[in-house]
1. Are there any pairs with C-beta distances below 6 angstrom linking a residue in segment A:120-141 that is modelled with pLDDT under 80 to a residue that is part of a helix (DSSP H, G or I), with the two at least 6 apart or on different chains, and if so which?
2. All but one of (1) touching a Phe, Trp or Tyr at 6+ places or on another chain (Cβ under 8 Å); (2) surrounded by 21 or more Cβ atoms within 10 Å (Cβ to Cβ); (3) more than 8 Å from chain B (Cβ to nearest Cβ) hold for A:ALA148; which doesn't?
3. Quick one: would you say B:THR178 is among the β-branched types (Val, Ile, Thr) and more than 19 Å from B:VAL198 (Cα to Cα)?
4. List the strands (runs of 3 or more DSSP E) that sit entirely inside segment B:34-132 and contain at least 2 residues that are among the aliphatic types (A, V, I, L, M) and facing another protein chain (nearest Cβ under 10 Å).
5. Just the residues that are under 23 Å from B:ARG14 (Cβ atoms) and either surrounded by 16 or more Cβ atoms within 10 Å (Cβ to Cβ) or at pLDDT 95 or above (or both), please, taken from segment B:227-236.
6. Restricting to helices (runs of 4 or more DSSP H) lying wholly in segment A:274-373: which have 1 or more residues that are within 30 Å of A:ARG218 (Cβ to Cβ) and not aromatic (Phe, Trp, Tyr)?
7. Take the conditions over 23 Å from A:LEU175 (Cβ atoms) and in a strand (DSSP E or B) and apply them to B:VAL19. Does it pass?
8. Can you name the helices (runs of 4 or more DSSP H) wholly within segment A:5-103 that have at least 3 residues being within 25 Å of the chain's Cα centre (by Cα)?
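The values are calculated or read from the model by the stated rules, or taken from the named source; none is laboratory data. If you're wondering where the values come from, they're calculated on a predicted model, not measured in any experiment. Here the Cβ positions follow ideal geometry from the backbone for every residue, glycine too, while neighbour counts run over all protein chains shown.
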Amino acid sequence: MLELFTDYTLRNVALGSALLGVVGGALGTFAMLRRQSLLGDVLAHAALPGICLAFLLTGAKAPLVLLVGGGLAGWLAAWLALAVLRHTRLPEDSALGVMLSSFFGFGIALLTFIQQRDNANQAGLDQYIFGQAATIVAADVANFALLAGMALALLGLFYKEFKLTTFDPGYAQSLGLPVRGLGTLLTSLVVLAVMVGLQTVGVVLMAAMLIAPAAAARQWTDRLGVMLALSALFGALAGVSGALISASRENLPTGPLVVLAVSAILLVSLFFAPQRGLVWDWARTRQNRKRVHLERLLLDALALLQHGPLTPQALAQHRRESLAAATRHLEALEAQGWVRPGPQGYRLTPAGQQKALELQMALRSQPSVFPSP
Amino acid sequence: MTLTQTATLPLEVRDLTVVYREQPVLWDVDLAIPPGQLSAIVGPNGAGKSTLLKAVLGLVPRASGQVWFFGQSLREARARIGYVPQRNTVDWDFPTSVLDVVMMGLYGQLGWFRRPGKREREAAMHCLEQVSLQDLAHRQIAQLSGGQQQRVFLARALAQNADLYFMDEPFAGVDAVTEEAILQVLHGLKSQGKTVVVVHHDLETVREYFDHLTLLNVQVIASGPMEETFTSENLRRTYGAKARTGG
């Protein structure tokens, strides 16, 4: 009996988190490419006073009413922030930071005011700060699906226009596209995504659901369509795994775990994604260094051979290094198949001669790349 | 100039003034661009050359002035106008391919909601061939050299199949291959009877590349056929005493 109840809860929590992951990942892709990730953070924080005002005005705690209130406040904050950016000389981070803290501060003030009124009904409004996924019921999941569905449908409908205005707004405008209107629409879709996340991860952690999946997806692909799909997938994966992990022990909060899961995905992507991953980047740099080092050695060997035998002693003297180092270097060249030991010291193999010739040609055409010995 | 001539001019600008903050960047610009010619706009840094293109295309607000394209308003003539912005205005790390960018030139014709399909891909491919980039069609755009990026923007504008082209510094910082490719495209457009207006910075080549010249320094200093306009007196008035006349 208890188990069934747990499963029912878990299913709703997992579904709600997955929906959040999908819509956050998809909209976050555009937010990131437009360099508006921080704007997502602003409008998420700004949802708090909207939720409180919706509660004060209606007296009801119907989640959808509160979400709509939060969404409207978020939208207003985003609009204000962009207006400030457009019409004042305030730097972007200052404008966004001020907007975020003023709206959030107002929200906390309203929350305290509500809590001090003697009203048993208020319990639970503060769940919107950090989220409380355990309270998600089937009706909430239906609401989330509606909001997410709307956002994704509009995103699909205007995909081509969003892509062009994000990549090259000036050119888009020259084609006659209403660039500013499309920007407003896209921001409104981000508001819908934030509304989906208010109950699960709350206003403070919502930005992670917009930024992290998109940033992770960008690591794996150079195609916008693939990035969008991957980002949504990463978001969903994080949502479900966060819900499952939090259900595995008592007193593990779902929202923060979802955020941790998506951060883990981002971390893995930053390090191990092919092409853009740091590990491969590091390996490539190392390999290049090794190659240039060997080529440099080969040219030194060639220079020595023009005057006498190529022995560890001669190389050590020429390069001003220890005998041990010179021996190791000659062995490295031998392993490369460029030199071979003989009775009077090392000689160049045909492959080594060929390579040395190529290097000398490159040296002649680009003297700055290989300073001549 | 008779009335019928005015109606067929690809671009006519009257009393155009643009103000950023307090400073006028363009002051009372009058301009008449003749049809079927390669036309250069030249002037020192900060002369308002790019701003002139943007103001004409409605990308920056005009304080005053009127603009006609083929005797029509911008809205009416939009489909006949192609634009090549400066290539450093976009983020080349954007996740998209060369072919995708060129297809963006067709978005205006496609209209709302319709996605580019096979026909659009073929048309874009054809435009890439004209700038010799067909082999790089599926490359991520970040992997292109500066000159190749410039040619992608050119191909995108070609896809618009316009009658009047505006190009913002297409020759800036490109390699010799690209310079040659752009020139070929310009001559191809001219032979099809199209009009091209190019913001140019190089006095050494302007006389060789273009038929018509506008010298700009906030105001129009001189505008007309190349041989009449490219005089040391006009250049001195545009650039001040230190102008080099090339050649």
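1. A:GLN122/A:ILE114; A:GLN122/A:GLN115
2. (1)
3. For B:THR178, the condition - among the β-branched types (Val, Ile, Thr) and more than 19 Å from B:VAL198 (Cα to Cα) - is not met.
4. B:81-84
5. B:THR229, B:ASN234
6. A:278-305
7. So B:VAL19 fits the description; yes.
8. Because the criterion is at least 3 residues that are within 25 Å of the chain's Cα centre (by Cα), the helices (runs of 4 or more DSSP H) in segment A:5-103 that meet it are A:37-45, A:63-87.
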